[in-house]
Amino acid sequence: MKNPKFPQTTAAIDVGSNYLRMSIANINNNGHINVLEDLIKPTHIGRDTFSIGRISVETIHQTCEDIKGFTLVIKDYKIKNYKAVCTSGIREAQNKQYILEQIKLRTGIDVEDINVSQERFYIMKALKYHISESDFFNGKTTLVINITTGSVEASIFENNKLKFTEHIKIGSLRLKETLGELENKALDFSDLMEEYVESKLYWIKYNIKNLKIQNLIIIGGEIHTIISLINNKSSNIKVKNLISGKDFKLLYNEIKNMTENQINLKYNRGIKKIELLLPTMLIFNCFLKIADTQNIYNPDITLRLGILHDLTDKIFDLPRKSQLTDDILSSIDHIVNKYKIDKPHSHYVEKIALSIFDQTLKIHKLGEEERLYLQISSRLHDIGQFIDTVTPEIQSYNIIMSQDIMGFSHRELNIIASIAKYHWNIIPQEADPNYFALNSKDKMITSMLSAILKISEALDISHLQKITDIKLTKNNNMLFFNVTSREDISIEEWAFNNKINFFEEVFGIRPII
């Protein structure tokens with residue numbers, strides 16, 4: 001259903017590592033979200049996965065029973081549009097397929113196993129929409145830290161654009177379970193944990209060592225507890241959810257050597273909230289030392305809110321849904337710089353490829369998502385040459401598949417990497433594992449877009465950007481490329497004519513220059 005006139009009731013379910021959560025909300029075509037109800041159930045999913053690598057049968061049974069309770073609420077609200085996702089607790093479990101299938105069979109809820117880049121996409125969508133309501137961070141270099149139970153995401157924004165993101169497996173519950181056996185052996189367990197966390201942050205420190213961080217944003221379930229404790233101790237709170245680094249340090253130094261029972265007795269927050277408080281604060285403290293900012297901001301956003309925003313954008317087809325595209329492309333440029341890609345050439349090939357795509361819409365009938373696949377693969381098409389100039393097509397595929405590009409599933413990343421792979425002097429074939437893994441529709445998408453990229457790259461084979469304009473004209477089974485240039489483009493014509501056979505095979509139309 002596209003562009004409904006009336007508000008809709010939707011639900012977002014987060015099958016997390018420490019809690020199962022569901023938000024029920026009313027949404028409308030102005031993008032407004034009104035959360036009606038939040039439901040939460042504790043779970044041992046993360047504890048099982050991070051300690052033994054598998055989710056126990058008992059946890060599977062309990063998870064299904066709890067989600068059954070969620071389905072009853074969904075029925076009560078008569079909700080038709082909802083989305084359920086799982087994060088690292090299930091994602092990393094060796095038996096994840098079993099639990100996902102059990103949930104589907106026993107509750108009717110199809111839980112999507114999202115990867116870290118998709119998880120980041122929802123968080124960033126919630127954050128972007130939240131920040132867009134004020135100019136609090138406009139133009140400032142901002143470090144955004146998302147501390148989950150399983151991992152930490154560190155993202156840098158410069159001039160309101162995403163510069164890069166790093167993913168580190170040191171979440172609060174993972175940290176507790178990983179080092180748990182040392183808790184009773186170490187004389188100073190908090191210092192030991194801090195050493196461990198610091199050892200995992202080398203690459204982030206390297207990337208931001210020359211940046212002046214002006215804002216630090218901390219996101220995560222236990223952060224609210226930390227802020228609440230600080231607010232109870234300080235009377236200097238001027239902005240909601242904004243705390244000073246000084247106040248945090250005072251609280252951290254006070255509780256870092258306390259046991260969970262001691263913390264609970266003093267602050268009376270409940271053992272479930274307290275058990276991850278120290279590892280969260282420890283991770284928090286390590287990033288505060290890196291950023292060295294005076295204030296820390298914790299916006300009221302969650303993964304569920306990001307999912308609700310995404311549902312709202314899709315149900316009402318809102319123009320803002322493309323807002324994160326600039327951040328995705330900005331992060332791609334970070335990869336371009338990292339692998340020493342010829343940026344003028346890659347951006348020029350991108351321009352040609354998108355022009356061909358836009359001028360042949362009636363032929364290929366692909367949409368915005370596929371256009372973005374082509375755009376990203378165009379920027380990264382030569383990336384393999386950084387490793388190997390003999391088999392750059394193989395290296396291009398492998399490097400792109402190893403990247404953590406925000407918002408893309410493994411399937412989508414395979415398409416993007418395959419497009420880049422096949423722009424070279426090879427064509428897709430079933431013998432290739434990457435191509436064989438795609439379904440029939442995705443194989444056609446990959447073939448069509450790689451055919452476009454092949455001839456786009458040929459039109460700048462000299463890397464001199466000689467062609468200033470391209471106009472396409474279709475006549476029967478021929479597609480005429482009317483190009484404008486003040487220079488000799490003989491080598492581009494030669495390269496173009498060597499790449500057109502695959503285009504003709506895929507589209508049934510022959511390019512003529």
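The values are calculated or read from the model by the stated rules, or taken from the named source; none is laboratory data. Since the structure is predicted, the reported quantities are computational estimates derived from the model, not experimental observations. Heads up, the Cβs are rebuilt from the backbone with ideal geometry, glycines too, and the neighbour counts pull from every protein chain shown.
Against the test of being of a type in the set (A, V, I, L, M) and not assigned by TED's automatic domain parsing to the domain that holds Tyr202, the options Leu354, Leu282, Leu276 yield a single qualifying residue, Leu354. Annotation note: of Asn146, Asn159, the sole residue that is surrounded by fewer than 17 Cβ atoms within 10 Å (Cβ to Cβ) and not assigned by TED's automatic domain parsing to the domain that holds Arg21 is Asn159. Of the residues making up the stretch 355-376, those that are closer than 12 Å to Leu329 by Cβ and either of a type in the set (A, V, I, L, M) or surrounded by 22 or more Cβ atoms within 10 Å (Cβ to Cβ) (or both) are Leu372, Ile376. Please work out if Asp388 is acidic (Asp, Glu), closer than 19 Å to Phe502 by Cα and not assigned by TED's automatic domain parsing to the domain that holds Ala126. No: the conditions fail for Asp388.
The set of residues in the stretch 32-87 being aromatic (Phe, Trp, Tyr) and modelled with pLDDT under 95 consists of Phe50 alone. Going through (1) among the polar types (S, T, N, Q); (2) at pLDDT 85 or above; (3) surrounded by 13 or more Cβ atoms within 10 Å (Cβ to Cβ) one by one, Ser199 falls short only on (3). Residue count for the stretch 466-491, restricted to those that are without any contact (Cβ under 8 Å) to a residue 40 or more places away in the chain and buried (at least 16 other Cβ atoms within 10 Å of the Cβ): 4.
Is there a residue being under 27 Å from Gly16 (Cα atoms), among the basic types (Lys, Arg) and modelled with pLDDT of 80 or more anywhere in the stretch 232-243? Looking through the stretch 232-243, none of the residues is under 27 Å from Gly16 (Cα atoms), among the basic types (Lys, Arg) and modelled with pLDDT of 80 or more.
So which of Ile213, Ile109 is modelled with pLDDT of 90 or more and assigned to a loop (DSSP other than H, G, I, E, B)? None of the other options fit; the residue is Ile109.
Within the stretch 15-37, the set of residues being of a type in the set (Gly, Ala, Ser) and in contact with a Leu (Cβ under 7 Å, 6 or more places away or on another chain) comprises Ser17, Ser23, Ala25, Gly31.
Put simply, of Ser88, Ser117 the only residue that is buried (at least 18 other Cβ atoms within 10 Å of the Cβ), touching a residue at least 24 places away in the same chain (Cβ under 8 Å) and closer than 21 Å to Ser56 by Cβ is Ser88. The residue of the stretch 8-34 that is surrounded by the most Cβ atoms within 10 Å (Cβ to Cβ), among those that are without any contact (Cβ under 8 Å) to a residue 40 or more places away in the chain and in a strand (DSSP E or B), is Asn26.
Do we have any residue at all in the stretch 315-334 that's among the hydroxyl-bearing types (Ser, Thr, Tyr), crowded, with 22+ Cβ neighbours inside 10 Å and modelled with pLDDT under 95? Write out each step before concluding.
Keep residues of the stretch 315-334 that are among the hydroxyl-bearing types (Ser, Thr, Tyr), which gives 322, 325, 330-331.
Then drop every residue that is not crowded, with 22+ Cβ neighbours inside 10 Å, which leaves 331.
After this cut, where a residue has to be modelled with pLDDT under 95 as well, the list is 331.
Checked the stretch 315-334: at least one residue is among the hydroxyl-bearing types (Ser, Thr, Tyr), crowded, with 22+ Cβ neighbours inside 10 Å and modelled with pLDDT under 95.
Among the residues of the stretch 240-290, those that are over 18 Å from Ile219 (Cβ atoms) and of a type in the set (Lys, Arg) comprise Lys246, Lys249, Lys256, Lys266, Arg269, Lys272, Lys289. State whether the residues of the stretch 200-210 include one that is assigned by TED's automatic domain parsing to the domain that holds Met124, over 22 Å from the mean Cα position of the chain (by Cα), in a loop (DSSP other than H, G, I, E, B) and touching a residue at least 24 places away in the same chain (Cβ under 8 Å). Scanning the stretch 200-210, I find no residue that is assigned by TED's automatic domain parsing to the domain that holds Met124, over 22 Å from the mean Cα position of the chain (by Cα), in a loop (DSSP other than H, G, I, E, B) and touching a residue at least 24 places away in the same chain (Cβ under 8 Å), so the answer is no.
With respect to Ile427, is the statement that it is over 24 Å from Glu504 (Cβ atoms) and either among the β-branched types (Val, Ile, Thr) or in the same structural domain as Lys163 (by TED's automatic domain parsing) (or both) true? Answer is no for this residue.
When the residues of the stretch 429-462 are filtered to those that are within 30 Å of Val483 (Cβ to Cβ) and among the hydroxyl-bearing types (Ser, Thr, Tyr), the one that is nearest to the chain's Cα centre (by Cα) is Thr446. Applying a threshold of 7 Å to beta carbon distances and a minimum spacing of six or more residues, or different chains, the list of pairs starting in the stretch 320-339 at a residue that is farther than 17 Å from Ser396 by Cβ and not assigned by TED's automatic domain parsing to the domain that holds Asn30 and ending at one that is of a type in the set (Gly, Ala, Ser) and part of a helix (DSSP H, G or I) is empty.
Conditions (1) modelled with pLDDT under 95; (2) under 40 Å from the mean Cα position of the chain (by Cα), marked per residue:
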position	(1), (2)
Asn476	yes, no
Phe480	no, yes
Trp494	no, no
Val506	no, yes
Arg510	no, yes
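Taking residues in the stretch 421-438 that are on the phi < 0 side of the Ramachandran plot and surrounded by fewer than 19 Cβ atoms within 10 Å (Cβ to Cβ), and partners anywhere that are among the polar types (S, T, N, Q) and in a loop (DSSP other than H, G, I, E, B), the pairs with Cβ atoms closer than 9 Å and at least 6 places apart or on different chains are Phe436/Gln429.
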